[in-house]
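See below for the structure under consideration.
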Amino acid sequence: MKREQITPPFFTVSPKSYLVGNELIELAKMTDELAEKHESSIFFVAPAAELVNIVQNTEHVIVTAQTADANGLGRGMGRTPLESLKANGVEATFLNHMEHPLTIKELSTTIKRAKELGIITIACADTPEESAAIATLDPDIILCEPDCLVGTGTVSDESYIAETIAAVRAVNSEILIMEGAGITCGKDVRRLLKLGAQGTGISSTLALAENKNELLTDLLGALR
């Protein structure tokens, strides 16, 4: 998959490790059914052990890994090779999330190899300065998200959003920009899109919600 095939405004559903097995598959199927009704690209993110099952049970979402490694085939116990993702139908991966940070060298190498394999990269950045630095590596998407707000339910302020978007655009106008942190409802999604983001997403709030279908319908409805 290539950057040009992503249709903004896009959305990522990332239950992290709150859900596994049947519960995760149920959410993936729910997301897939809703994604069929939208022109926007919808990413579904899951741990490595769950990815094959999700690929086999969905048709409309872009199945996405939580992270990946560019060490290649051969030695490397405990890693998630990009080649393995490609072979099993995974089309995208997050990189450099605050819960799994990478060095600049690792990030650069992984983005380069992912491009060779046709795997979309979503690189996470904390500050405007980090957003600009990561933009020089040309990931397909940059998720601008203050580490201090992840999982708090507090959204980024307007100055942060403006500064991070400007920082990325000053380096590379082709990169797609996500703004995240604290998304809890469709109103939050509409706000970010109005402020210039091309995509956003949700994680723990959806994973822990009692009525996941109602919340997800509200979130994705805000993309229209």
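The values are calculated or read from the model by the stated rules, or taken from the named source; none is laboratory data. All figures in this text were calculated on a predicted structure; none of them were measured in a lab. For neighbour counting, all protein chains shown are included, and Cβ atoms are generated from backbone atoms with ideal geometry for every residue, glycine included. When the accessible area is computed, the model is the full protein with side chains, heavy atoms only, and any ligands, DNA or RNA have been set aside. Shrake-Rupley method; radii C 1.70, N 1.55, O 1.52, S 1.80 Å.
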Any hit, the range 62-72, residues being surrounded by fewer than 19 Cβ atoms within 10 Å (Cβ to Cβ) and farther than 21 Å from VAL13 by Cβ: yes
Selected residue [more than 18 Å from the chain's Cα centre (by Cα) and under 16 Å from SER40 (Cβ atoms)] from ASP218, ASP157, ASP140: ASP218
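Residues checked against (1) open to solvent by less than 10 Å² (accessible area, probe 1.4 Å); (2) out of contact with any Pro (no Cβ under 6 Å at 6 or more places or on another chain); (3) among the small types (Gly, Ala, Ser); (4) in a strand (DSSP E or B):
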site: ILE111; (1), (2), (3), (4): yes, no, no, no
site: SER159; (1), (2), (3), (4): no, yes, yes, no
site: ARG169; (1), (2), (3), (4): no, yes, no, no
site: GLY201; (1), (2), (3), (4): no, yes, yes, yes
site: THR205; (1), (2), (3), (4): no, yes, no, no
Residues (under 23 Å from ASP32 (Cα atoms) and among the polar types (S, T, N, Q)) located in the range 50-83: ASN53, GLN56, ASN57, THR58, THR64, GLN66, THR67
Pairs with Cβ under 8 Å, 6+ apart, first in the range 166-178 and under 21 Å from VAL189 (Cβ atoms), second assigned to a loop (DSSP other than H, G, I, E, B) and open to solvent by less than 20 Å² (accessible area, probe 1.4 Å): VAL168/ILE175; ILE175/PRO139; ILE175/ASP140; LEU176/ILE6; LEU176/ASP140; ILE177/ALA197; MET178/ALA197
Which listed residue, of THR31, THR7, is assigned to a helix (DSSP H, G or I) and either more than 18 Å from the chain's Cα centre (by Cα) or at pLDDT 95 or above (or both): THR31
GLU26 surrounded by fewer than 15 Cβ atoms within 10 Å (Cβ to Cβ), assigned to a loop (DSSP other than H, G, I, E, B) and acidic (Asp, Glu): no
Search result, residues across the range 31-40 that are farther than 13 Å from PRO15 by Cα and either open to solvent by 20 Å² or more (accessible area, probe 1.4 Å) or touching a residue at least 40 places away in the same chain (Cβ under 8 Å) (or both): GLU33, LEU34, ALA35, GLU36, LYS37, HIS38, GLU39, SER40
